[in-house]
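Structure record follows, encoded as structure tokens.
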Amino acid sequence: MEINDKNTNNPSPENQQVLPAAPPPQYYAPPRPPAKRTPVVFDKADSLFAALAVAIGFLFFECILLGGLGIGVVVFFVAAYAGIVLYGLKSKRLAIKKGAPLGVPIVLLLLCFVLFDNPVLAVLNLFFLFFLATLHVMSMFGERDHEKLSKGVVFDFFGGFVGRPFMNLDKLFIIAAKGTKDEKGKKGKRLFLRILLGVLMCVPLLAVILSLLASADFAFESVMKKITDLIGDKVWEYFGKFILGVLAAIPLFGALFAFRYKKKKGALQIPNISGNLDRVIVYTVMSIVCAVYLFFLFVQFDYMFSAFGGRLPGDFIYSEYARRGFFELVAIAAINLGLLLVSYLFTARREGKISKGLKTYLLVLSFVTVIIIASAVSKMGMYMQVYGLTQLRVYTSWFMVLTAVIFVLAIIKIISRKFNAVKVICVFFTAWFLVLNYAGVDALIATYNMAKSEQDKSVSLDVGIFESLSDSVLPQAIGLLGNSDVVARQNIKMILTARYDELQEKNWQAMNVTSMGAKKRLEAKKDEYYIIYDENRYGSPGTDKAMVTRYFPNITEIESCEWYYQPTFSPDFIIAESTGTVFYGYAVLSDEYFNEITREYEWTAQVDFLSEWYMAADYWADIPKNSDFVESQKYTDDQAGGSSPEMILNKSNKRLYFYMDR
């Protein structure tokens, strides 16, 4: 039987069509269920601190921001620490001993607000206090992310003061809306807090709506005014501070919540800086820069180091010599510090160590900077020895010493890798800053300048400096009421009058021991200095004839006078047209002197003398204008001295009117 192995029903291979392969079956993973968010659970400790946070926020505005930098700062920090410690102990997450070392500078800074009155340092102290207090609280909760007194201290601060609070802004709203759990695990509804939260959120909107409605309708405006008068300004004031306190409580509660529950979201880590700068490029830059500095020191050797010998180079004067030294310090120190940090941090290393060549360059750069700073400090010392002390000169000297120490520590760090320069800088800066506070800078300035003027009669005391100094100098200022210079006496009277009025208006939050003592002294001596100003006159009034002869020494015979005086140091001296001290008024001349000047000088009629005497327009407007007014340019020029006065003589009553603006 013959077997036919060909299937006539199938096409031959050459005619067979190859069909595309079917795609592999696709398998779709079933969708994952959304991750369940861990619910935020609060307990009674959180509920308690939520209320305390609002109170702390209220005290911040009441005692500091809208109160003043005095005892109020201490009240706020004591209250804030009491609330935080209570919260930490109740939640059993606080270890007070961990933050003990930071407590020492915090207490010393708080005492500055009780004992001293220095507005400049008070502002710096407040910022430093918040910096230290943030690290202190984080330490007690065990939430420092970096080693203490290391380069991570700044990252700790920003993580605790900014990062964590703002990453947990919702926590206060959640506890207000959902409440806490009781001992049985039942959740409280907190209806009252929820309603209060809604009212608080509605306040800004209501303020806009009510303002628009009051502007649109007179009757509604009258009703709102009556309601406001009935409630009283104080109620509205404290209500506003309460609203601001709620706003401040939101980040405060968020920060403490994060500290308690170990929430790391918002913490800042030190960026990983790898040494990726090519050493050849760095060596080239440093070689050129160091060569320029060495050449500069060689060329300017006499100029830079004259201060060490107490002499001035060339034709320099003290003020110019010292000021140029200071700007050199700022520019060179900033550039060199930048070069030092960039080269040290970013240059490629071998086995984690910087090369000997880079060490040499960094040491040269640091030594040059220290030498220039030392020269600048010496020049500033010369300047202060000649011209006395001011706040700017003292603070500048303090800063120069701080900068020099930082560069010396940098030199030690370059030589010894194990040396912890950051730790020493942190400790030294804190101690040096406290020295600046407790040194009594303003009292030191006043005492030094007064002693210098007494020892060297050729040096005149700048009385105007007392206007910018704090209340600690008032005992010295009161002593100047017996000064032989009539201008100095008048300036002191104006300064003491302004300070007395200022202290009378000062609230308790801004007061301190120094301010309270100054207030008592000024009250006891008020009859000797207090000036009652005329609202229609510009300047302080007086009738002392010595004041006229002080400015116009050639006018020797005066029977009486009336004048108004305004020095340049006054904070009220804001009129743009004036270029300096204003002194105007009249002097009644003696018969003999009047006859003498009318005989020796040629006088012409003058009726339009008010156009240029703009600073005292009200005063001159009261003077009757008639043909008795005469002027003599020659006589005026003879009285001018170092000023450019204007003078008009009334022949009928022998009154010589004068106006001086210099």
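Throughout, read-outs are computed from the coordinates displayed, never taken from laboratory work. Bear in mind that the values here come from a model prediction, so they are computed numbers and not experimental data. A quick note on method: Cβ atoms are made from the backbone with ideal geometry, for glycine too, and the neighbour counts reach across all protein chains shown.
Summing +1 for each Lys or Arg and -1 for each Asp or Glu among the other residues whose beta-carbon sits under 15 angstrom from that of Lys148 gives +1.
Per-residue 3J(HN,Hα) values for region 278-288, derived from phi via the Karplus relation 6.51 cos²θ - 1.76 cosθ + 1.60 with θ = phi - 60°, read 5, 5, 5, 5, 4, 4, 5, 4, 5, 4, 5 Hz in sequence order (x marks Gly and Pro).
Treating r as the C-beta distance of Thr556 and Tyr395 and R0 as 56 Å, the FRET efficiency rounds to 0.75.
Gain on full extension, evaluated as 0.36 nm per residue between Asp43 and Asn595 minus their Cα-Cα distance, stands at 189.2 nm. Compute log10 of I(q)/I(0) for region 364-500 with the Debye formula, placing one identical point scatterer on every Cα and leaving out solvent, at q = 0.12, 0.22 Å⁻¹, to two decimals. Here the Debye-derived log intensity ratios amount to -0.62, -1.29.
Computed from the alpha carbon atoms alone, the convex hull of region 62-117 holds 75 Å³ per residue. Database remark: amide H of Ser540 closer than 5 angstrom to the amide H of Tyr565, Gln566 (H placed geometrically; neighbours at sequence offset of 5 or more, or on other chains; Pro and chain starts carry no H). Computed from phi, the 3J(HN,Hα) profile of region 237-253 under the Karplus parametrisation 6.51, -1.76, 1.60 (θ = phi - 60°) reads 4, 6, 5, x, 5, 5, 4, 5, x, 4, 5, 6, 5, 4, x, 5, 5 Hz, with x in place of Gly and Pro. Taking square-rooted eigenvalues a ≥ b ≥ c of the alpha carbon gyration tensor, is region 27-174 rounded, prolate or oblate, where a/c under 1.5 means rounded and, failing that, a/b exceeding b/c means prolate? Prolate. With a simple spin-label model that places each label point 7 Å from the Cα along the Cα-to-Cβ direction, the separation between Glu147 and Arg349 comes to 1.2 nm.
Here region 457-529 is treated as a Stokes sphere of Kirkwood radius computed over C-alpha pairs; at 25 °C and 0.890 mPa s its diffusion coefficient rounds to 193 µm²/s. Here the spin labels are modelled as points 7 Å beyond Cα on the Cα-Cβ line, and at Ala55 and Ser652 they lie 7.4 nm apart.
This ranking places Met138, Met511 by how few other beta-carbon atoms lie within 10 Å of each, fewest first, which gives Met511, Met138. The Stokes-Einstein estimate for region 38-271, based on a Kirkwood radius over Cα pairs and taken at 37 °C with 0.692 mPa s viscosity, is a diffusion coefficient of 167 µm²/s. Between the amide H of Leu277 and those of Thr347, Ala348, distances stay under 5 Å, these residues lying 5 or more places away or on another chain, with hydrogens modeled in the peptide plane.
Can you tell me the FRET efficiency between Ala374 and Leu444 if r is taken as the Cβ-Cβ distance and R0 is 22 Å, rounded to the nearest 0.05? About 0.45, to the nearest 0.05. Spin-label model, Val435 to Ser484: label points 7 Å out along the Cα-to-beta-carbon direction sit 3.9 nm apart. Peptides 492-501, 153-162 ranked from most to least packed by the mean count of surrounding Cβ atoms within 10 Å: 492-501, 153-162.
Residue-wise HN-Hα couplings along region 581-596, as the Karplus relation 6.51 cos²θ - 1.76 cosθ + 1.60 with θ = phi - 60° gives them from phi, are 5, 10, 9, 8, x, 9, 10, 7, 7, 5, 4, 5, 5, 4, 5, 5 Hz; Gly and Pro carry x. State the Cα centre-to-centre distance between region 486-563 and region 99-163 in whole Å. Each part's Cα centre sits 42 Å from the other's.
Across region 45-68, the residues whose backbone nitrogen lies under 18 Å from the label position 7 Å along the beta-carbon direction of Ala207 are 57-63, 65-67.
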